[in-house]
Amino acid sequence: MPELPLSELRVVEIGSGDALCYCGKLFADFGAEVIKVEPPGGDAARKIAPLVDAGDGARESATFAWLNTNKRSITADPDLPADAARIRALLAGSDLLLDARHPSIVRTSGLSHEALRRSEPGLAITAISWFGENGPYSDYAATDSVCRSLAGLVKLVGPIEGPPVLPRDGQIAVVAGLTAFIPSLAGLYAHGTQGARRFSVSAHEAMLQISEFDTALALESGFTRPRIGINRFGRGFPSGNFATRDGWLGVTVVTPAQWVAFCNMIGLPELGPDPRYSSTAERYLHANELNDIIKPVLMHRTAAQWFEQGIELRLPLAIVPSMKELLTQPVFRERGAFAKVTIGEASFDAPVLPQHLTRSPPKANGAAPFAGDGNDDALPARRRLAGRAATPQDPLPLKGLRIIDLTMGWAGPTATRQMGDLGADVIKVESCQYPDWFRGTDPRPPYHTERTYEKTYWFQMNNRNKRGITLDLTSKAGLALLKRLLADADAVIDNYAADVLPRLGLDAATMLAINPRLVVVTMPAFGMSGPWSGCRAYGSTLEQASGLPSVTGREDDPPTMLHAALGDPIGGVSAAAALLLGFMQQKTTGAGQHIDLSQVECMLPMVAPSIIEQSATGHTSPRLGNRHPVFTPNGCFPCLGEDQWITLAVRSDQEWQALCRVMHRPDLAADPQLATATGRRTEEDRIEVAVRHWTATVRPDLAMVTLQDAGIPAGTARLPMDLAGDPHLMQVGHWQPVVRPFMGPHLLASVAYREGDDALPYRIDHLAPTLGQHNREILGDLLGLSEREIEELAVAGVIGDVATSKKSRPEAAGA
């Protein structure tokens, strides 16, 4: 096996939490030496179900084992002087500290970051916490559901009457872990010439990368779309999960062409041109009527049969598998998406990291340590790569890298946005004939004459910190210019379907022949290989195909969607991590490679706890709705006002007593049946009635503050629209006011991390490019074309700065 991209690094983990573990797994499975510091007796998460028999009577958490493959474990208490000295000695030879201790604990610790920066200036540090180190929420208690609620990712999901649906735990770990990994690895990429950096990462702001599309829609329109029912989301129809003769079929029909193809597929071609249903808006208004027509027809065939036909028709359909079905699907087995995790004598299957570097793939899971396994290991002395701390005078860590961005929509542009935010030169390539579809796809005249394509809010979110050019890649001249750009670039990325660029003669092998050191990232739904590689997909399709809906919601509900096109942002941050891994390998070896990313495989870590449970135990636990397997009570409860909700969780018997005091219910506090979680679980119906009686009398923000003051995790279920006025986000600088041509003044989201000690986010100085804004700058200054040559390209329609309709498209553009 080739040397892995991170094999020169030593990383130390302190603290607890799944986000910390997943970030560390990314380092460990790609070759870094990762040393996990656990408290004496081991991390409490080792006892979270499902438990496996690891031998000699040891029962270990299977999910915890997956999160900690290929790491060493030592046990130490940072508050004990002798243990703290041992940890300091370990850090003296390490490159990065991943620290998930609570910010208030870090500040007062003998291992405070301030002290470590003085004694170990070359040590990079990344702090991971629920809400960051500053702001009104920084000391809040949280759970996954509380954090999601405050991030605008709960309130829109579920039945119209409520309550909103809370998904299973484990997903924030992936999003926050990836979000922490990206700046951490970027800093390490540059630390040979720059100083070591300290980042603070907020899991809350990381989750806003998922809700920001709905936030942009709300800020543009002035309102947030309503909650319209289980598996009813977006602005069109059909979208959701439908029962078939055997299995569930995920459907996301958006465009008029897709609607016509769908009607033809189900044998009702007359519905396609019917004016009641032909537009997206009309189908939305007639959804119930269409449901009554479509549902019986889909029962005539199996989900697999409909899906295979959908591939031929280029329809975004998916089989929605159970966990048992997911683990046996050949498409994942053939690509190596699952592999064994072992801890002691236990062994089970779990997702492999989806960053599929073809020359240097990650370790396919592997062994996890018992607590303290490495206590007696003699670690070799080593000298870290950085010799100083970064200063404000250092450039952003990725400055000097150039990425050719052939992506459109949400997933791919999210990946390159991450790179641009960290200083890379990202050149976004569109065409006047087919601009990025996030600019809008309205065929009506105002779209062109009024340049509506320059005014869509969500395009601005994903395309800041990039330069933009237009090239008609169907023309010889446009294709030749792209190849010239590739020759001197460090990376290229696209998120088209698997067959699009190869049809233009731009498969990965061809691009690597042009530039052998190029990092080539492709990211179709199911990757570039396998029988499903031609599948078309939206973010919702990716969620459906991952099986996540089968473990979300209530047991008697259909597989339940989370209504946030989840696959797009998850694919984006996963691809950003893949790019950085490719850069690390490129830096070491001088060679490029193809990174074959499957966006569905990027979703598998989001459902890993359920996959692992199925593999380790042979079953998947029943869906609990808004209840929790450990916390009791746990749920989303109605508050004073119309459609107002508060999410809360009781994690301990002490928090139960605190909740009873808040609710003024001494009778419940004194009830011996309710004194323990086991007893409370038998009385959850009665407890939830009592909680609802109290919450219904209190405004949600007041309920949140009251509960948090009592030490109980609680958060208002925010709408995406609410996030622009959230007091915490305002104070920590999450929203930055900007002014752009055609858009005027608007708000853009900051990165989910802060560098240094000033707690300020990176400034957004470069706004999303207008169409073709940098044509002359890049074609002239970078490629050396003359003004005359550039003008000839414009006349021929190869480049331009105005979108062209089919009627006005120059003849030469299709040559």
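Since L486 meets every condition but one in (1) in contact with a helix residue (DSSP H, G or I) (Cβ under 6 Å, 6 or more places away or on another chain); (2) open to solvent by less than 10 Å² (accessible area, probe 1.4 Å); (3) closer than 28 Å to P167 by Cβ, which condition does it not meet?
The failed condition is (3).
Counting just the residues of region 181-232 that are charged (D, E, K, R) and in contact with a strand residue (DSSP E or B) (Cβ under 7 Å, 6 or more places away or on another chain), which one comes out surrounded by the fewest Cβ atoms within 10 Å (Cβ to Cβ)? Talk me through it step by step, then tell me what you get.
If we filter region 181-232 for residues that are charged (D, E, K, R), which is where we start, we get 197-198, 205, 212, 214, 220, 225, 227, 232.
Imposing the further condition that a residue be in contact with a strand residue (DSSP E or B) (Cβ under 7 Å, 6 or more places away or on another chain) reduces the set to 197-198, 212, 232.
Details: R197: 23, R198: 23, E212: 25, R232: 20.
Out of the qualifying residues, it is R232.
Please go through region 345-366 and give me each residue that is assigned to a loop (DSSP other than H, G, I, E, B) and either touching a helix residue (DSSP H, G or I) at 6+ places or on another chain (Cβ under 9 Å) or buried (at least 23 other Cβ atoms within 10 Å of the Cβ) (or both), ordered by number. Give the steps one after another, and end with the answer.
Initially, region 345-366 is screened for residues assigned to a loop (DSSP other than H, G, I, E, B), giving 345, 352-356, 358-365.
Across region 345-366, the qualifying residues are V352, L353, P354, Q355, H356, T358, R359, S360, P362, K363, A364, N365.
Which of (1) in contact with a Leu (Cβ under 9 Å, 6 or more places away or on another chain); (2) open to solvent by less than 20 Å² (accessible area, probe 1.4 Å); (3) within 21 Å of L208 (Cα to Cα) does N515 not meet, given it meets every other one?
All conditions pass for N515, except number (3).
In region 312-344, what residues are aromatic (F, W, Y) and either open to solvent by 20 Å² or more (accessible area, probe 1.4 Å) or closer than 22 Å to L249 by Cβ (or both)? Talk me through it step by step, then tell me what you get.
Restricting attention to region 312-344, the residues satisfying the condition of being aromatic (F, W, Y) are 332, 338.
Of everything in region 312-344, just one residue is aromatic (F, W, Y) and either open to solvent by 20 Å² or more (accessible area, probe 1.4 Å) or closer than 22 Å to L249 by Cβ (or both), namely F332.
Residue check, P502 against (1) assigned to a helix (DSSP H, G or I); (2) open to solvent by 10 Å² or more (accessible area, probe 1.4 Å); (3) modelled with pLDDT of 95 or more, all met but one. Which one?
Condition not satisfied by P502: (3).
Restricting to region 268-302, what's the tally of residues that are assigned to a loop (DSSP other than H, G, I, E, B), in contact (Cβ under 8 Å) with a residue 24 or more places away in the chain, open to solvent by 50 Å² or more (accessible area, probe 1.4 Å) and not basic (K, R)?
Going through region 268-302, the residues assigned to a loop (DSSP other than H, G, I, E, B) turn out to be 268, 272-279, 286, 299-302.
Filter once more, keeping what is in contact (Cβ under 8 Å) with a residue 24 or more places away in the chain: 268, 286, 299-302.
If we keep only those that are open to solvent by 50 Å² or more (accessible area, probe 1.4 Å) as well, we get 299-301.
From the residues that got through so far, the ones that are not basic (K, R) too are 299-300.
The qualifying residues number 2.
Results for (1) under 16 Å from C602 (Cα atoms); (2) under 31 Å from the mean Cα position of the chain (by Cα), shown as yes or no for each residue.
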site: D292; (1), (2): no, no
site: V297; (1), (2): no, no
site: G310; (1), (2): no, yes
site: L313; (1), (2): no, yes
site: L317; (1), (2): no, yes
site: E325; (1), (2): no, yes
site: A337; (1), (2): yes, yes
site: F370; (1), (2): no, yes
site: D373; (1), (2): no, no
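For region 672-693, give me each residue that is open to solvent by less than 40 Å² (accessible area, probe 1.4 Å) and acidic (D, E).
Answer for region 672-693, where residues must be open to solvent by less than 40 Å² (accessible area, probe 1.4 Å) and acidic (D, E): E684, E688.
Kindly provide the set of residues from region 616-649 that are part of a helix (DSSP H, G or I) and buried (at least 21 other Cβ atoms within 10 Å of the Cβ), ordered by number. Talk me through it step by step, then tell me what you get.
Here is the first cut: in region 616-649, the residues part of a helix (DSSP H, G or I) are 616-617.
Scanning region 616-649 gives a single hit, A616.
Select from region 576-615 the residues that are in a loop (DSSP other than H, G, I, E, B), surrounded by fewer than 21 Cβ atoms within 10 Å (Cβ to Cβ) and either at positive phi or among the polar types (S, T, N, Q) (or both) and list them in ascending order. Talk me through it step by step, then tell me what you get.
Our first condition is that a residue be in a loop (DSSP other than H, G, I, E, B); within region 576-615, this holds for 590-592, 597-598.
Subset that is surrounded by fewer than 21 Cβ atoms within 10 Å (Cβ to Cβ): 590-591.
Result: G590, single match.
Yes/no per residue for (1) under 26 Å from L473 (Cα atoms); (2) touching a strand residue (DSSP E or B) at 6+ places or on another chain (Cβ under 8 Å):
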| site | (1), (2) |
| --- | --- |
| D499 | yes, no |
| R503 | yes, no |
| D507 | yes, no |
| M511 | yes, yes |
| G530 | no, no |
| L548 | no, no |
| E555 | no, yes |
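What are the pairs, 6+ residues apart or on separate chains, where a residue within region 463-487 that is without any contact (Cβ under 8 Å) to a residue 12 or more places away in the chain has its Cβ under 6 Å from a residue that is open to solvent by 10 Å² or more (accessible area, probe 1.4 Å) and not polar (S, T, N, Q)?
Hits for this filter: zero, empty list.
Sort through S546, S550 and tell me the only one that's open to solvent by 10 Å² or more (accessible area, probe 1.4 Å) and more than 17 Å from T358 (Cα to Cα). Step through it out loud before you land on a result.
Working: S546 fails: open to solvent by 10 Å² or more (accessible area, probe 1.4 Å).
Exactly one residue qualifies, and that residue is S550.
Scan region 1-12 and report the pairs whose first residue is at pLDDT below 95 and acidic (D, E) and whose second residue is part of a loop (DSSP other than H, G, I, E, B) and open to solvent by 50 Å² or more (accessible area, probe 1.4 Å), with Cβ atoms within less than 9 Å and a gap of 6+ or a chain change.
Close Cβ pairs (under 9 Å, with a partner that is part of a loop (DSSP other than H, G, I, E, B) and open to solvent by 50 Å² or more (accessible area, probe 1.4 Å)) amount to E8/L385.
Which of the residues that make up region 534-567 are charged (D, E, K, R) and either at pLDDT 95 or above or within 18 Å of R623 (Cβ to Cβ) (or both)? Please lay out each step first, then the result.
Narrowing region 534-567 to residues charged (D, E, K, R): 536, 543, 554-557.
Correct list: E543, R554, E555, D556, D557.
Looking only at region 328-358, filter to residues that are basic (K, R) and out of contact with any strand residue (DSSP E or B) (no Cβ under 8 Å at 6 or more places or on another chain); which one of those is farthest from A591 (Cα to Cα)? Walk me through how you get there before you give the answer.
The initial filter retains those residues of region 328-358 that are basic (K, R), namely 333, 335, 340.
Narrowing further to those that are out of contact with any strand residue (DSSP E or B) (no Cβ under 8 Å at 6 or more places or on another chain): 333, 335.
Details: R333: 29, R335: 23 Å.
Per the stated criteria, the residue is R333.
Does region 607-650 hold any residues that are of a type in the set (D, E, K, R) and free of Cβ contacts under 8 Å to residues at least 12 places away in the same chain, and which are they?
Step one: of region 607-650, the residues of a type in the set (D, E, K, R) are 613, 623, 627, 642-643.
E642 - this is the single residue of region 607-650 that is of a type in the set (D, E, K, R) and free of Cβ contacts under 8 Å to residues at least 12 places away in the same chain.
Hey, among T244, T255, which residue is polar (S, T, N, Q) and open to solvent by 40 Å² or more (accessible area, probe 1.4 Å)? Explain how you work it out, then say what you get.
Numbers: T244 fails: open to solvent by 40 Å² or more (accessible area, probe 1.4 Å).
Matching residue, one of T244, T255: T255.
Please name all residue pairs, on different chains or six or more residues apart, with Cβ atoms under 7 Å, provided the first residue is in region 377-395 and is over 13 Å from E120 (Cβ atoms) and the second residue is open to solvent by 70 Å² or more (accessible area, probe 1.4 Å) and not hydrophobic (A, V, I, L, M, F, W, C).
Listed pairs, sorted by first residue: D377/R72.
The values are calculated or read from the model by the stated rules, or taken from the named source; none is laboratory data. Only a predicted model underlies this, so the values are computations on that prediction, with no experimental measurement involved. Here Cβ is always computed from backbone atoms with ideal geometry, including for glycine, and neighbour counts include all displayed protein chains. Accessible surface is based on the protein model in full, side chains and every heavy atom, while ligands, DNA and RNA are left aside. Shrake-Rupley method; radii C 1.70, N 1.55, O 1.52, S 1.80 Å.
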